1. Within the bounds of the range 144-160, is there any residue that is out of contact with any Gly (no Cβ under 6 Å at 6 or more places or on another chain), surrounded by 19 or more Cβ atoms within 10 Å (Cβ to Cβ), small (G, A, S) and within 16 Å of L254 (Cβ to Cβ)?
2. So which residues in the range 128-171 are more than 18 Å from F87 (Cα to Cα), of a type in the set (K, R) and assigned to a strand (DSSP E or B), if there are any at all?
3. If you take the residues of the range 94-127 that are in a helix (DSSP H, G or I) and within 20 Å of the chain's Cα centre (by Cα), which of them is nearest to I188 (Cα to Cα)?
4. For C193, work out the one condition from (1) modelled with pLDDT under 95; (2) assigned to a helix (DSSP H, G or I); (3) under 28 Å from I95 (Cβ atoms) it doesn't fulfil.
5. Would you check which residues across the range 49-74 are hydroxyl-bearing (S, T, Y) and either at pLDDT below 95 or not in a strand (DSSP E or B) (or both) and list them?
6. Suppose we keep only residues that are assigned to a loop (DSSP other than H, G, I, E, B) and aromatic (F, W, Y) within the range 212-268. Which one would you say is nearest to T154 (Cα to Cα)?
7. Out of everything in the range 75-93 that is part of a loop (DSSP other than H, G, I, E, B) and under 17 Å from V107 (Cα atoms), what residue ends up being modelled with the highest pLDDT?
Amino acid sequence: MREISILGCGWLGLPLGQAFLEKGYVVRGSTTSVEKIPLLQELGISPFLITVNPDGVAGDVLSFLSRSDTLIIDIPPKLRGNASENFVSKIRGLIPFIEDSKVVNVVFISSISVYGENQGLVTASTHPEPVTESGKQLLESEQLLLDNAKFSTTIVRFGGLTGNNRHPVRQLAGRQDLDNPDAPINLIDISDCIGIVLSIVEQRISDAVFNAVAPYHPTRREYYTQKAAFAGLAAPHFNEQQTESGKIISSEHLRETLNYNFLVTDRI
C-alpha cells in the first residue's frame, strides 16, 4: 500500500487527499488550523499541524514525511494585495526535511504566473519570464526543488482555478475598466487539477514540468460577460483601449505525456 503526504490540505489539497484515499493510498495531510484537524480525521486523512515559515518549519514534519515516498507541496505564496512573504525561504527551509525523509518524488503545485502576460503561445519549451513577485518567487522555488539531487521533482503549473464555488467571475462582476479584453483565458477546473496530480503519481512521473490549463481560450471579454450573465451577476466592463495580446498556455505536452483527457473544457 502506497503512502503519500500532502502539505497543505486547502481548497485543492483536501479533495485531492480524498481522491488518493479512494485509490487505496494511506494519506497524511497537513493544515495550519487546529479547527481543521477533526475534519481530516473524519475523512480518513492522518492530520498534522504544520506551519512552514520563512524562518523555519513548525510541527512534526519528520513524522508527517516518515513513511511516504511521495510529497505533494500545495502551499501557494501569499503575495497578493498588501500581503507579502518570502516564499522562497519557506521552500528552502522545507528542503532539508525532505532530504532526511524517505520521500523520493515531490510534486510541486505551481502557477502559470511564472510566464509573463504577453509571452504569446506558451508551450512546454517556453522559457518563463515572470513579471509579478508571485511568479518570480514560484519560479525560483521550482528551481530549488528541481536542482536537488536527493529527490526528483515534478512541477505542475496550474492556470486560474475554478470549481467548488470558486470562480474568478465573482471577483470581476461589475468592475470597471478591466485590462486586456482581448486576452485569452487560461483556466482549469478542480476536477482536472485532481485528475492530473493523480495521473502523475500513479504513473510515477518524475523530473518533469507541466503546464495545466483547459484547452479552451475565448477572450476575457467574451468569457466573463457570458459567465456573469449566466450567474445573474453584473457584467464586468473592459477598457477597450487596452490592446495587449496576452498569452495562451498550451497543455499539449501534459496531454501527450500523461495520456490525459481534460474533463472540463468549454463548460469551465
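1. Among the residues of the range 144-160, at least one is out of contact with any Gly (no Cβ under 6 Å at 6 or more places or on another chain), surrounded by 19 or more Cβ atoms within 10 Å (Cβ to Cβ), small (G, A, S) and within 16 Å of L254 (Cβ to Cβ), which makes the answer yes.
2. If the condition is that a residue be more than 18 Å from F87 (Cα to Cα), of a type in the set (K, R) and assigned to a strand (DSSP E or B), then R166 is the only one that fits.
3. First pass over the range 94-127, keeping only residues in a helix (DSSP H, G or I): 94-99, 112-114.
Now narrow it down to the ones that are within 20 Å of the chain's Cα centre (by Cα): 94-95, 98, 112-114.
Values: L94: 28, I95: 29, I98: 29, I112: 11, S113: 14, V114: 16 Å.
Taking the candidates together, the pick is I112.
4. (1)
5. Of all residues in the range 49-74, those hydroxyl-bearing (S, T, Y) come to 51, 63, 66, 68, 70.
Matches in the range 49-74: S63, S66, S68.
6. Restricting attention to the range 212-268, the residues satisfying the condition of being assigned to a loop (DSSP other than H, G, I, E, B) are 213-218, 232-237, 239-246, 250-251, 259-268.
Among the residues that remain, those that are also aromatic (F, W, Y) are: 216, 260, 262.
Details: Y216: 24, Y260: 16, F262: 19 Å.
Applying the filter and picking the extreme gives Y260.
7. I75
The values are calculated or read from the model by the stated rules, or taken from the named source; none is laboratory data. For clarity, every value in this text was computed on a predicted model and none was experimentally measured. Note that each Cβ is placed from the backbone with ideal geometry, even for glycine, and that neighbours are counted across all protein chains shown.
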